């Protein structure tokens, strides 16, 4: 899927990568939850929390929303992709005590690397949140399992941004959700393709 900005020679697709990146979308919290409340929960005690959910369910999007709100509150934070980084004290610097560290792809760490991450976080007095596909026995922050209503809201918001033409209907969303759930990312990629097809469809010529 293209990631280049649209120019004046072609239409803008609301499902382009630049609109649906985890650091761009903003997380849509379940009823009764909010990003401020989740951050308060993390900072209220010394527990390690975990965000659990299947691939594409919005875990990294939630992480970015938490980090953004933390920065707005004057709390330093960092997202670490465990599949691309080896745990070391240098990786956690220059974080100060009370900073928020979110370890994405936690399953990709070895047992010893997991123990090391825990030890470093305790020693540096960091707030630690883990992201994974299954529980590792820590205090759950949220367990994500997107539903149809959530996806309808997300797709509607994306099409409303900057007055995009709403070409994806609720029936389309229901059909794509049944095909791709619970992987929201794949569903949004499918929305991109469908939007592109409909936007490029040439009107019939009468006569």
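The values are calculated or read from the model by the stated rules, or taken from the named source; none is laboratory data. Quantities reported herein were computed from a predicted structural model and do not represent experimental measurements. FYI the Cβ positions are ideal-geometry reconstructions off the backbone, even for glycines, and counts take in every protein chain you see.
Here are the numbers for the structure shown:
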read-out: Residues of the stretch 103-137 satisfying the condition of being under 16 Å from the mean Cα position of the chain (by Cα), part of a loop (DSSP other than H, G, I, E, B) and surrounded by 16 or more Cβ atoms within 10 Å (Cβ to Cβ); value: 105
read-out: Lone qualifier among 81, 18 - being touching a strand residue (DSSP E or B) at 6+ places or on another chain (Cβ under 6 Å) and modelled with pLDDT of 90 or more; value: 81
read-out: Top-ranked residue in the stretch 138-153 [being surrounded by fewer than 17 Cβ atoms within 10 Å (Cβ to Cβ) and touching a strand residue (DSSP E or B) at 6+ places or on another chain (Cβ under 8 Å); ranked as nearest to residue 27 (Cα to Cα)]; value: 143
read-out: Residue match in the stretch 155-165 (condition: at positive phi, touching a residue at least 24 places away in the same chain (Cβ under 8 Å) and not in a loop (DSSP other than H, G, I, E, B)); value: yes
read-out: Counted residues, the stretch 51-79 - those being surrounded by fewer than 20 Cβ atoms within 10 Å (Cβ to Cβ) and either out of contact with any helix residue (DSSP H, G or I) (no Cβ under 6 Å at 6 or more places or on another chain) or farther than 18 Å from residue 30 by Cα (or both); value: 11
read-out: Residue that is touching a helix residue (DSSP H, G or I) at 6+ places or on another chain (Cβ under 9 Å) and modelled with pLDDT of 95 or more, where the choices are 181, 190; value: 190
